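As structure tokens, the structure follows; a few thoughts come after it.
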Amino acid sequence: MSEGIEIKEIKRRMDGAISSFKSDIASLRTGRASANILDPITVEAYGSRVPLNQVANITVPEPRMLSVSVWDKTMVSATERAIRESSLGLNPIIDGQNLRIPLPELNEERRKSLVKVAHDYAEKSKVAIRHVRRDGMDGLKKAEKDGVIGQDVSRAQSDRVQKMTDETISEIDRLLGDKEKEIMQV
């Protein structure tokens, strides 16, 4: 096992945690409509749960309105029920095979709860990053113990892993701060 490959794998996994966090916070609704807010919703379709975007097309016709065009008319009520029962607080209006979803104005309480959710997402990502760091450190210790790398190389690689961890967590904090400002902006 080459130490370079180990570091590349750790970096790839940390970048994955950032990507996951970005997609999580993109689904949090701010003042304007975004098709991403429906990403977490799954619909009971054809005997299993599938993502909403696999049974319908989602568009944003107006800044405060989403439009969901269900492809199969037998799926309209299941889609409407999935949106209504989600934790997003949305009330779709059925219009044939389309669902119109007006987005209510965010009040102060709802903004604060969205910030709390964003903090939960950030903490989940930081835990994942710390797990990656722990796995990397364990791999380096094992490589040193097995005589694959020397103590000096092990220390240098450990320092690199810690530096990557610190930078990745700083990036999560920066993204969280930006999203928090965006959510609280009236």
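The values are calculated or read from the model by the stated rules, or taken from the named source; none is laboratory data. Predicted, not measured: the structure shown is a model, and the values here were computed from it. Positions of Cβ are backbone-derived with ideal geometry, glycine not excepted, and every protein chain shown enters the neighbour counts.
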Q.
Which pairs turn up if I take residues in the range 5-17 that are closer than 18 Å to residue 154 by Cβ and look for partners that are of a type in the set (Ser, Thr, Tyr) and assigned to a helix (DSSP H, G or I) with beta carbon separation below 8 Å, at least 6 apart in sequence or on another chain?
A. none
Q) Listed residues 97, 157, 151; which is outside the structural domain of residue 39 (by TED's automatic domain parsing), of a type in the set (S, T, N, Q) and surrounded by 13 or more Cβ atoms within 10 Å (Cβ to Cβ)? A) 157
Q: Might you let me know whether the range 41-61 holds any residue that is within 24 Å of residue 110 (Cβ to Cβ) and out of contact with any strand residue (DSSP E or B) (no Cβ under 8 Å at 6 or more places or on another chain)?
A: no
Q | Top-ranked residue of the range 71-100 - restricted to ones that are of a type outside the set (D, E, K, R) and in a helix (DSSP H, G or I), ranked as nearest to residue 35 (Cα to Cα) | A | 83
**Q.** Residue pairs meeting the criteria (Cβ under 6 Å; at least 6 apart or on separate chains; first touching a residue at least 12 places away in the same chain (Cβ under 8 Å), in the range 154-178; second part of a helix (DSSP H, G or I) and among the acidic types (Asp, Glu))
**A.** 154/144; 157/3
Q) surrounded by fewer than 17 Cβ atoms within 10 Å (Cβ to Cβ) and on the phi < 0 side of the Ramachandran plot, is that true of residue 185? A) yes
Q | Top-ranked residue of the range 135-148 - restricted to ones that are free of Cβ contacts under 8 Å to residues at least 12 places away in the same chain and more than 20 Å from residue 14 (Cα to Cα), ranked as surrounded by the most Cβ atoms within 10 Å (Cβ to Cβ) | A | 144
Q) Which of the residues belonging to the range 68-89 are buried (at least 19 other Cβ atoms within 10 Å of the Cβ) and not β-branched (Val, Ile, Thr)? A) 75, 80, 82
